[in-house]
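Read-outs: derived from the displayed coordinates by stated rules, not from any lab. Remember, it's a predicted structure, so these values are computed and weren't measured experimentally. Ideal geometry is used to build each Cβ from the backbone, glycine not excepted, and the neighbour counts take in all protein chains shown.
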Amino acid sequence: MSHETAATRNSVFTPFNVVAGIIVILGLFITAVRFTKGLGATTNLSDNNPWGIWIGFDLLVGVALAAGGYVTSAAVYIFGMKRFHAAVRPAILTGFLGYALVVLALNYDVGRPWRLPYPFLISRGTTSLLFEVGACVALYLSVLFIEFTPAPLEWLGFKKARAIVVKLTMVLTIFGVILSTLHQSSLGALFLIAPSKLHPLWYSPYIPIYFFITSIIAGLSMVIFEGSLSYRYLKHKMDHHHIETKDDLALGFGKAAAWVLTGYFMIKVIGIAADNNWHYLASGYGAWFLVELFGFVALPAFCYMLGVRENNIRLIRWTAAWTVLGIIVNRFNISMVAFNYHLPSSERYFPHWMEIGISVFIVTAGLLAFRFICTRMPILYEHPDYEPH
Amino acid sequence: MSISRRKFLGWMGAAGMAGAAGTSAQAGSNKQFKGYPDSMGVLHDITRCVGCRKCEAACNKVNKLPSPDVSFDELTVLEQKRRTDAQSHTVVNQFQTDKDGAPSMVYVKKQCNHCLEPACASACFVKAFTKNPDGSVTYNAHVCVGCRYCMIACPFEIPAYEYNEAFTPRVMKCTMCHPRLQEGKLPGCVQACPTEALVFGKRKELIHVARERIRNFPDRYIDHIYGEHEMGGTNWLYLSGVSFSSTGMREDLGNTPAGKLTSGALGSVPIVAGLWPVLLTGIYAINRRKEKIAAKQQADAVNQAVSKANEEADAKIKAAMEKAAADKTAAIEREVKKALEQDAKARQEAQKAAREQSGDEGSDEDKT
């Protein structure tokens with residue numbers, strides 16, 4: 001009897017669970033402050049800096065890192081790379097949770113979150129790129145939800161409903177790629193309206209294309225990165241097939257990421273040339289821009305190539321993590337570091353600890369939801385009663 | 001009915017031309033909105049401003065904004081550079097400049113410039129901003145979600161937000177006293193200005209007035225009307241004796257109206273929505289066909305291999321059968337031969353026995 005209690009206690013109070021529990025409690029506390037005292041009490045936002053990390057990280061980074069869903073399902077179902085099939089479900093799940101959390105985070109950031117349906121129901125501001133982002137994110141969240149449902153339906157044993165959803169796979173995949181192309185690029189296009197505020201090295205008429213291409217890089221890298229984390233912590237939930245194909249997946253996606261990163265490097269240089277911004281490279285912002293371009297674009301492209309050439313899965317995994325960090329750096333640069341570059345440092349933005357607290361809380365909520373679902377539903381293994389689709 | 005390819009293409013071309021001619025496309029045209037005719041505006045002559053903050057006080061009063069901690073009569077406030085915020089729709093800033101070598105103070109009033117094509121209105125995803133025919137740009141708090149994209153978009157850094165309101169935060173900005181204009185009154189700040197540094201009138205006429213002043217006093221003014229073309233033009237116009245950048249106003253904004261900056265990206269949306277299904281379904285179909293062909297080729301190869309193997313096996317069996325048949329005949333022949341031999345031998349022996357039985361002479365004869 002006493003042994004049993006000890007065992008249960010051990011399984012619940014793991015270091016991960018304790019840390020996650022503290023973060024969740026802190027998150028709930030900040031949530032209460034945010035919704036009773038307002039944005040002023042919880043953020044360092046100001047009239048000059050209306051967007052902080054709740055947009056720069058939770059929205060911009062969140063959406064980019066959730067791109068694995070459309071990238072993987074397009075690779076498998078449209079481009080016919082069926083050997084990566086085992087990666088589809090975890091990628092769709094990550095995408096679905098990612099977008100759900102982005103929408104959750106928006107509720108913290110906007111002044112009157114209960115009005116979030118207004119752009120669609122009350123007053124449609126179709127000249128705004130934010131309208132397009134909102135419409136596409138709302139639609140894509142629904143698409144991801146439907147794409148995700150086969151797993152819970154198998155878990156619950158609803159065979160007929162599952163059969164209907166599986167038949168929609170192709171249509172949903174194509175719809176998902178269209179919506180992702182549109183809103184991933186539109187998140188970058190949001191900044192097109194402010195050429196006087198974003199540093200010329202980061203402002204470019206190509207910024208929507210940059211955002212779309214980096215979302216592909218983010219998607220590919222996240223699938224590799226998240227795959228290695230799952231293998232480490234959820235290996236017992238993986239079936240033979242999943243474990244067998246994971247190295248092949250890292251090689252294939254690593255090769256694709258190397259190619260796309262190389263193309264992205266090229267179009268970034270073309271962007272500088274097109275606006276003749278070379279002289280800015282000699283400034284402090286220029287140095288930081290070069291760190292981003294060489295440290296987080298050229299370097300991972302090279303490391304991916306090397307990893308694929310030498311069959312070095314370890315290197316590919318580390319490169320994937322580094323590339324994900326690079327995406328964060330890029331989005332932070334555009335939304336915060338290089339934004340308002342013309343203002344004196346006293347008028348610049350640095351996040352309040354409560355803002356960071358909410359962002360960490362939301363990432364933790366995502367991890368907990370991912371683990372909850374993976375330990376229960378057929379995500380990392382195939383359900384024996386069903387044919388793979 | 002059958003149509004030739006040429007005819008079909010001709011029809012398609014005609015349909016395309018008709019479609020292009022029949023509509024007035026906005027996104028790709030050269031059309032520019034030059035403002036509502038007879039819209040009103042204010043000309044701010046920076047050279048006439050003395051920094052008395054009377055306009056700030058009047059603005060605060062007519063807009064029923066909370067009274068500030070420091071009175072509007074306190075001019076030391078000017079020592080710090082300020083911007084519009086949730087409590088003030090307008091602020092006056094002072095700048096030290098040296099015109100013709102002599103250091104002097106200039107005072108500049110800052111408020112919403114009421115763009116002809118406002119960035120805030122273009123950026124708002126609930127159409128909370130309206131460009132009114134009287135020239136003012138007004139805000140509707142009843143639909144505002146509070147995303148603050150208008151504040152990102154505004155090149156003049158004007159809209160402010162009530163961050164400390166937990167439940168009903170609003171974007172705050174100058175309305176050019178739109179409600180007062182409708183009552184036939186002047187904007188509060190214009191009415192309060194003791195030096196006529198602010199002049200209210202039709203924008204078109206104000207531009208004439210400004211040009212006249214520059215022509216009459218070329219030493220007093222620099223030859224530029226700020227707001228005539230900046231960001232596509234604004235209803236608030238400025239005259240200055242020193243460069244505008246030395247009075248905290250940006251001269252690098254360009255003349256492109258904000259809406260034009262995003263129209264390309266917005267215009268590509270229907271193109272992506274229209275072409276992506278074709279492209280993606282095409283890629284899918286190509287892959288399906290490749291798979292089909294590969295499967296067929298594989299099946300063919302297997303069939304070929306099988307039939308070849310079958311033929312070989314048939315030949316082998318045939319050979320074996322033939323061999324077996326040959327062996328069999330040989331065995332039969334051998335057996336027959338053996339039987340015949342045995343038979344002959346038996347017969348011989350029988351004959352021999354018969355001869356032995358018939359007489360010894362006979363046998364002797366045989367031996368010789």
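Hey, fewest Cβ within 10 Å first, where do A:H183, A:H352 land in order?
Numbers: A:H183 26, A:H352 18.
In increasing order of surrounding Cβ atoms, one gets A:H352, A:H183.
Among A:V308, B:V70, which comes first, second and so on when ranked by fewest other beta-carbon atoms within 10 Å? Walk me through the numbers before you get to the answer.
Values: A:V308 22, B:V70 9.
Going from least to most buried by this count: B:V70, A:V308.
Let me confirm one metric for peptide B:75-86, namely the mean number of other chain beta-carbon atoms within 10 Å of its residues' beta-carbons.
Numbers: counts 0, 0, 0, 0, 0, 0, 2, 0, 4, 1, 3, 2.
What the average comes to for B:75-86 is 1.
Under 5 Å between amide hydrogens, built in the peptide plane, is the criterion, and for B:L237 it picks out B:V42, B:L43, B:H44 among residues at least 5 positions away or on other chains.
What percentage of all Cα-Cα pairs in chain A are separated by more than 38 Å? Numbers along the way, then the final one.
Details: 15557 of 75466 pairs.
For chain A, the share of Cα pairs beyond 38 Å comes to 21 percent.
Hey, what did chain A get for relative contact order, percent, Cα under 8 Å, at least 6 apart?
Values: 475 pairs, mean separation 107.1, N = 389.
28 percent.
Modelled spin-label separation between B:R355 and B:E196, with each label point placed 7 Å from Cα along the Cα-to-Cβ direction: 17.4 nm.
Taking every lysine pair in the stretch A:16-374 that is 8 or more places apart or spans two chains, those with Cα atoms closer than 16 Å amount to 5. For the Cα trace of the stretch A:248-316, dividing Rg by the Kirkwood Rh returns an Rg/Rh value of 1.11. Peptide packing for B:330-338, A:72-80 was compared via the average number of neighbouring C-beta atoms within 10 Å per residue; ordered from the highest value, the list is A:72-80, B:330-338. Taking B:A265, B:A86, B:A350 in turn, the Gaussian network model of chain B (Cα-Cα springs below 10 Å) assigns the largest fluctuation to B:A350. Normalised by the number of residues in the stretch B:148-299, the average gap of Cα pairs under 8 Å and 6 or more apart makes the relative contact order 10 percent. Modelled spin labels at B:N303 and B:L340, positioned 7 Å past Cα toward Cβ, are 5.4 nm from each other.
If you average 1/r over every pair of different alpha-carbon atoms in the stretch A:187-271 and take one over that average, what Kirkwood value in Å do you get? Please report the intermediate quantities before stating the final value.
Working: mean 1/r = 0.0668 Å⁻¹.
15.0 Å is the Kirkwood radius here.
Based on the Cβ-Cβ distance of B:D327 and B:K292, what FRET efficiency does E = 1/(1 + (r/R0)^6) give at R0 = 60 Å, to the nearest 0.05?
It comes to 0.75.
Entry note, chain B: relative contact order of 18 percent, from Cα contacts under 8 Å with a spacing of 6+ residues. Does a label point 7 Å from the Cα of B:N140, set along Cα-to-beta-carbon, have any residues of the stretch B:152-171 with amide nitrogen under 17 Å, and which are they? Residues passing the 17 Å test: B:170-171.
Gyration tensor over the Cα atoms of chain B: the corresponding equivalent ellipsoid has semi-axes (square roots of 5 times the eigenvalues, largest first) of 113, 26, 19 Å. Label sites at B:S71 and A:E387, each approximated as a point 7 angstrom past Cα along Cα to Cβ, lie 8.7 nm apart.
Ignoring aspartates and glutamates fewer than eight residues from B:K110 along the same chain, the ones with Cα atoms less than 14 angstrom from its Cα are B:D45, B:E56, B:D85, B:E157.
Using R₀ = 56 Å, calculate the FRET efficiency as 1/(1 + (r/R₀)^6) where r is the Cβ-Cβ separation of B:K185 and A:M266; round to 0.05.
Values: r = 60 Å, r/R0 = 1.07.
Efficiency for this residue pair is about 0.40.
Shown for chain A are the DSSP H helices of 20 Å or more along their axis, judged by Cα atoms, with a mean Kyte-Doolittle hydropathy of at least 1.6: A:15-37, A:129-148, A:353-374. Taking N as the residue count of the stretch A:91-177, its C-alpha radius of gyration divided by 2.2 N^0.38 Å amounts to 1.27. Straight Cα distances below 19 angstrom link B:K316 to the lysines B:K308, B:K328, with same-chain residues fewer than 8 positions distant left out.
The A:L281 and B:K99 beta-carbon pair, evaluated with R₀ = 35 Å, returns a calculated FRET efficiency of approximately 0.45. Largest GNM mean-square fluctuation among A:G252, A:G125, A:G188, using chain A with Cα springs under 10 Å: A:G125. Residue order for A:I379, A:I164, A:I243, fewest other beta carbons within 10 angstrom first, comes to A:I164, A:I243, A:I379.
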